[in-house]
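Contents: one structure, followed by commentary.
The values are calculated or read from the model by the stated rules, or taken from the named source; none is laboratory data. Just so you know, these numbers come straight off a predicted model, no measurement behind them. All accessible areas refer to the heavy atoms of the entire protein, side chains included, with ligands and DNA or RNA removed. Shrake-Rupley method; radii C 1.70, N 1.55, O 1.52, S 1.80 Å.
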Amino acid sequence: MIPGHAKLVECPYCGSKKELMTIVSGNTFDAVYWSDNKMEAPMLPRVSPVQKCPECGKYYIERLQNYTYGDDYSGEEGWLTYDEWKEAYRQFSKPRTILPNDYATLMLCLIQAYNDRFRNNFIVGIDPQKDEAFVDGIILKYIKIFDWEQGSPLFKAELYREAGEMEKCSEVLQAINPSDLDDFNRTIFFEIKERMERGDRKVFRIN
């Protein structure tokens with residue numbers, strides 16, 4: 001990985017600038033993939049699509065803001081915590097103030113942040129019933145607004161599984177012929193199916 005000069009992004013609310021990482025080149029060596037579409041690639045880091053201003057505390061879509069480049073490097077990615085993703089979601093939802101694609105990205109990042117508790121075995125600050133119900137609603141809303149002509153039906157089945165909608169997960173899987181899939185996706189198909197059949201909702205690592 002080759003780092004680039006820091007990107008100085010301007011907050012659209014208060015005008016303060018936040019220093020963010022850039023890279024000139026990277027790769028996916030040693031990357032880890034998860035069933036909720038999260039990729040952890042140490043040699044290909046990326047900044048969070050939603051940033052929190054360190055001055056005014058408001059959230060903004062990083063790609064839409066004015067920016068310049070600094071003279072030095074930065075390792076700041078600006079990823080939000082689960083609670084911060086919830087705050088960002090609420091800020092942009094009443095009324096909705098961002099484009100549909102950005103709104104879908106925000107919801108997926110919120111889902112992934114919730115799933116991090118299973119990846120990292122870290123459950124402090126999570127209300128098992130309240131947060132599970134909240135994220136289930138986010139997942140179903142994401143499924144509803146996402147353009148599935150551009151997405152994988154396997155991922156749709158996986159999201160239904162994570163939301164506890166096993167019957168809907170089964171319906172999506174039944175519409176897929178595993179023999180039409182390549183070896184990689186066929187493995188994912190049966191991983192989802194096996195977990196669905198035993199009522200397991202947890203995110204899983206894809207080998």
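Scanning region 1-22 for residues that are modelled with pLDDT under 95 and of a type in the set (A, V, I, L, M) yields a count of 2.
Residue by residue, here is whether (1) open to solvent by less than 20 Å² (accessible area, probe 1.4 Å); (2) among the basic types (Lys, Arg) holds:
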| site | (1), (2) |
| --- | --- |
| TYR103 | yes, no |
| MET107 | yes, no |
| ASP116 | no, no |
| ASP127 | no, no |
| LYS141 | no, yes |
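Can you find a residue that is assigned to a helix (DSSP H, G or I) and open to solvent by 50 Å² or more (accessible area, probe 1.4 Å) anywhere in region 160-170? Looking through region 160-170, at least one residue is assigned to a helix (DSSP H, G or I) and open to solvent by 50 Å² or more (accessible area, probe 1.4 Å).
Any chance you could count how many residues in region 171-197 are hydrophobic (A, V, I, L, M, F, W, C), part of a helix (DSSP H, G or I) and open to solvent by 80 Å² or more (accessible area, probe 1.4 Å)?
Of the residues in region 171-197, the ones hydrophobic (A, V, I, L, M, F, W, C) are 172-173, 175-176, 181, 184, 188-190, 192, 196.
Filter once more, so that each one left must be part of a helix (DSSP H, G or I): 172-173, 184, 188-190, 192, 196.
Going one step further and asking which of them are open to solvent by 80 Å² or more (accessible area, probe 1.4 Å), we end up with 184, 190.
Total meeting the criteria: 2.
Every listed requirement among (1) open to solvent by 70 Å² or more (accessible area, probe 1.4 Å); (2) over 27 Å from ASP147 (Cα atoms); (3) of a type in the set (Asp, Glu) is met by GLU87 save one, (2).
Within region 96-148, the residues that satisfy the criterion of being among the charged types (D, E, K, R), at pLDDT below 95 and assigned to a helix (DSSP H, G or I) are ASP116, ARG117, ARG119, LYS130, ASP131, GLU132.
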